[in-house]
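What follows is a single structure, and I will ask about it in a moment.
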Amino acid sequence: MALSILEQIKSGRVEIPSFTIEHILPDSQNRDNAIIGNLMPLEENLNGLCDDKPLNDKIQIYDRSCFMTARNLANWYRDNVDNFKAETRTNVMAEELYNEVDRIVNAI
C-alpha cells in the first residue's frame, strides 16, 4: 500500500496500474536489502528483465516504466549507482508519507 501511495504522490494519478514489486538491490545478496527502501513498483514484464542484474544495468529498464517512482530513481542514480542506499531511501519514503498524511489531515 505504501508503494501505491508514494506512486500516487509522485505521479499525481489517482489510479495506479497493477504492478509487481522490484527489489532494486537483490535481497538475496544482503539481508539489509530486505527493507521497503529497496522496493519499488514495476510492471511485471520489466521486473522480469531486471532479474538479479546490478543497478547500473537496471537503470535503462526503469526508464521504460510507466511508474514515476522507477523513472525518478533511474534519473537520480543514472550516473551514481554506487550512492544508492536502501536505508536512506527508506527514510526519504517515510518522510514523504508523513508529509502527505500531514497535508491530508490539515486539509480536513
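The values are calculated or read from the model by the stated rules, or taken from the named source; none is laboratory data. Remember, it's a predicted structure, so these values are computed and weren't measured experimentally. Don't worry about glycine lacking a Cβ; one is built from the backbone with ideal geometry, like all the others, and counts go over all protein chains shown. Each accessible area value is taken on the protein alone, full model and side chains, heavy atoms only, with ligands, DNA and RNA left out. Shrake-Rupley method; radii C 1.70, N 1.55, O 1.52, S 1.80 Å.
In region 17-37, how many are free of Cβ contacts under 8 Å to residues at least 40 places away in the same chain, part of a loop (DSSP other than H, G, I, E, B) and farther than 17 Å from Asp51 by Cα?
Number satisfying all stated conditions: 1.
For region 38-63, give me each residue that is part of a helix (DSSP H, G or I), farther than 20 Å from Asp82 by Cβ and touching a residue at least 12 places away in the same chain (Cβ under 8 Å).
Once the filter is applied, which keeps residues that are part of a helix (DSSP H, G or I), farther than 20 Å from Asp82 by Cβ and touching a residue at least 12 places away in the same chain (Cβ under 8 Å), region 38-63 yields Glu44, Leu46, Asn47, Leu49.
I would also like to ask the following. Go through region 32-65 residue by residue and tally those that are in contact with a helix residue (DSSP H, G or I) (Cβ under 9 Å, 6 or more places away or on another chain), open to solvent by 10 Å² or more (accessible area, probe 1.4 Å) and among the polar types (S, T, N, Q).
4
Which one is farthest from the chain's Cα centre (by Cα) among residues in region 64-95 that are in a loop (DSSP other than H, G, I, E, B) and farther than 18 Å from Pro54 by Cα?
The selected residue is Cys66.
Within region 16-31, how many residues turn out to be open to solvent by 10 Å² or more (accessible area, probe 1.4 Å), among the acidic types (Asp, Glu) and modelled with pLDDT of 95 or more?
Residues in region 16-31 being open to solvent by 10 Å² or more (accessible area, probe 1.4 Å), among the acidic types (Asp, Glu) and modelled with pLDDT of 95 or more: 0 in total.
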